[in-house]
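The values are calculated or read from the model by the stated rules, or taken from the named source; none is laboratory data. Keep in mind it's a predicted model, so treat the numbers as computed, not measured. When we count neighbours, we look across all protein chains shown, and the Cβ atoms used for this are built from the backbone with ideal geometry, even at glycine.
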Amino acid sequence: MKEFALIFRINDINFKPSPEQMQERMNWLAGIVAQNKLVDKGNTLLPIPGSAMSVHADNVVTDGPYTEIKEFISGYIIVKTDTIEEAVELAKSNPIFKIGGNIEVRELLKLS
């Protein structure tokens, strides 16, 4: 099986999920656990303005990971599936879409 990162993005950095929204997300995650496809539940990555910096070539430092980004990474998980299409299918049922968010699915390369 391959591993894929599901990266959750939202447009509103000030979004605070309700208890019901948190439960809905936990139920979605429990479904992935029940299928034995969860590798890492990740950590919440809600950025605080001014708390991220990027280092570029020639030691140039800028604010944030991307100063032009219009959405924020709110978290991630790592799942194991046979194909990227299967990982996308897992992502499709996430409740983040109800609040206008999106999920980026990326295959992770293993170093052997």
TODO: Looking only at the range 70-82, decide whether some residue is in a loop (DSSP other than H, G, I, E, B) and at pLDDT 80 or above.
DONE: yes
Task: Hits in the range 1-34 (condition: in contact with a helix residue (DSSP H, G or I) (Cβ under 8 Å, 6 or more places away or on another chain), among the β-branched types (V, I, T) and at pLDDT below 90) - done: I10
TODO: Report yes if some residue within the range 35-47 is at pLDDT 90 or above and on the phi > 0 side of the Ramachandran plot; otherwise report no.
DONE: yes
TODO: Give me the pairs, please: first residue somewhere in the range 85-107 and in a strand (DSSP E or B), second residue anywhere and of a type in the set (D, E), beta-carbon distance under 9 Å, and either six or more positions apart or on two chains.
DONE: N102/E71; E107/E3
Task: the range 78-112, residues that are basic (K, R) and surrounded by fewer than 17 Cβ atoms within 10 Å (Cβ to Cβ) - done: K92, K98, R106, K110
Task: Residue count for the range 7-21, restricted to those that are of a type outside the set (K, R) and surrounded by 12 or more Cβ atoms within 10 Å (Cβ to Cβ) - done: 9
